[in-house]
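Engineer: Pasting a structure here, questions to come.
The values are calculated or read from the model by the stated rules, or taken from the named source; none is laboratory data. Just so we're clear, the structure is a prediction, and the values are computed from it rather than from any experiment. Every residue, glycine among them, receives a Cβ derived from its backbone with ideal geometry; neighbour counts consider all protein chains shown. In case anyone asks, the SASA skips ligands and DNA or RNA and just uses the protein heavy atoms, side chains included. Shrake-Rupley method; radii C 1.70, N 1.55, O 1.52, S 1.80 Å.
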Amino acid sequence: MKASLNGIEMFWMEEGRGTPLVLLHGFPLSCAMWGPQLVHFSRNYRVIAPDLRGFGKTSLQPDQISTMELIADDIVALLDHLKLERAVIVGLSMGGYIALALYRKYPERVQALVLCDTKAEADNEEARAGRYNLIEEVREKGNSVVAEAMLPRLFAPNTYRHQQETVAQVAGLIERNNPAGIIAASAGLAERPDSSGLLPEIKVPALVIVGKDDAVTPPEGARQMAQQIPDWQFSIIPNAGHLSNLENSNFFNQALESFLRSTCDD
Ligand code: MLT
């Protein structure tokens with residue numbers, strides 16, 4: 001589906017009926033990373049998976065940084081467009097940073113939060129410098145440098161070696177993206193504020209999910225993040241790295257489903 005929202009043309013996949021689940025993808029991917037969740041959860045929920053600003057089939061505005069807050073505004077514009085007061089917000093990695101920005105700015109629009117393979121902290125100096133370096137490289141050489149740099153870190157070593165179809169699918173998502181979208185989001189990621197102080201203020205149920213072999217946002221940090229949220233649940237996904245929803249989708253779906261049953265179903 002497609003609509004003009006918040007100054008951009010937004011594309012999203014939508015299927016099913018019931019409590020709305022909004023799935024926010026990671027960097028530098030697209031809503032296509034949520035394929036296994038769209039199939040599974042659309043049986044009992046209304047699943048809405050947008051391409052975030054500058055990714056997939058969603059446009060961006062030239063020379064505008066895609067801050068986490070601006071992307072959160074896009075998502076709330078989508079909720080308004082769909083006439084949804086509240087939704088369960090599920091975000092993976094960058095999607096998790098956006099979910100926290102959305103909760104900070106629009107807590108009344110969030111029914112529950114699911115933070116997957118993500119963290120609350122801002123970038124340190126080294127990570128920020130790495131983002132600006134990547135921006136220069138994408139300007140010079142295009143998206144293939146991003147795929148080369150990121151792919152091995154996105155997956156558990158075992159997935160990277162043995163789930164070649166999944167790795168190729170993710171490489172394709174990265175390579176097909178608009179380099180301008182990757183550049184705008186990299187700057188937004190570099191400049192995102194620390195959300196740690198927000199965690200104890202979260203008043204909705206939250207599930208933190210992390211792949212056991214996540215090298216980008218490891219389980220210990222994820223557990224500590226979860227424990228700062230008053231109403232928290234925590235799940236470690238075995239045989240999975242940073243893209244836990246794709247690498248072990250069965251286990252991921254079970255963890256999310258049991259959280260939804262315990263918190264959102266009437
Ligand atoms: C992601 O998967 O969204 C990225 O790894 C997030 C990041 O670079 O911090």
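Engineer: Sorted by average packing, counted as other Cβ atoms within 10 angstrom per residue and highest first, what order do 125-134, 93-102, 149-158 take?
Structural biologist: Output ranking for 125-134, 93-102, 149-158: 93-102, 149-158, 125-134.
Engineer: Pairs of alpha-carbon atoms within less than 8 angstrom and 6+ residues apart define the contacts here; what relative contact order does the chain have, in percent?
Structural biologist: Computed over the chain, the figure is 20 percent.
Engineer: Please work out the average accessible area per residue across segment 2-263, using the 1.4 Å probe convention, and give it in Å².
Structural biologist: Per residue, segment 2-263 has 41 Å² of solvent-accessible surface.
Engineer: About its Cα centre, what dipole magnitude does segment 2-263 give when the only charges are +1 on Lys and Arg Cβ and -1 on Asp and Glu Cβ, stated in debye to the nearest 20?
Structural biologist: 660 debye
Engineer: For segment 1-81, what does the relative contact order come out to in percent, with C-alpha contacts under 8 Å and a separation of six or more?
Structural biologist: For segment 1-81, the relative contact order is 34 percent.
Engineer: For Glu69, project a label point 7 Å along Cα to C-beta. Then give me every residue of segment 193-230 with its amide nitrogen under 16 Å of that point.
Structural biologist: Under 16 Å, as judged by backbone N against the label point of Glu69, lie 193-198 of segment 193-230.
Engineer: Where Rh is the Kirkwood radius over the Cα pairs of the chain, the temperature 20 °C and the viscosity 1.002 mPa s, what D in µm²/s does Stokes-Einstein return?
Structural biologist: 118 µm²/s
Engineer: Next question, about the same structure. Determine the share of segment 164-264's accessible area contributed by carbon and sulfur atoms, expressed in whole percent, with a 1.4 angstrom probe.
Structural biologist: Ligands and nucleic acids excluded, carbon and sulfur give 48 percent.
Engineer: Compute the Cα gyration tensor for segment 161-257, then decide on rounded, prolate or oblate, letting a ≥ b ≥ c be the square roots of its eigenvalues: rounded whenever a/c is under 1.5, prolate when a/b is larger than b/c in the other cases, and oblate in all that remain.
Structural biologist: The shape class here is oblate.
Engineer: Can you tell me which of 189-197, 206-214 comes out highest on packing, and rank the rest after it, using the mean Cβ neighbours within 10 Å?
Structural biologist: By packing density, highest mean first, the sequence is 206-214, 189-197.
Engineer: Taking a ≥ b ≥ c as the square roots of the Cα gyration tensor eigenvalues, with a/c under 1.5 meaning rounded and otherwise prolate when a/b beats b/c, else oblate, which class fits segment 69-179?
Structural biologist: The shape class here is prolate.
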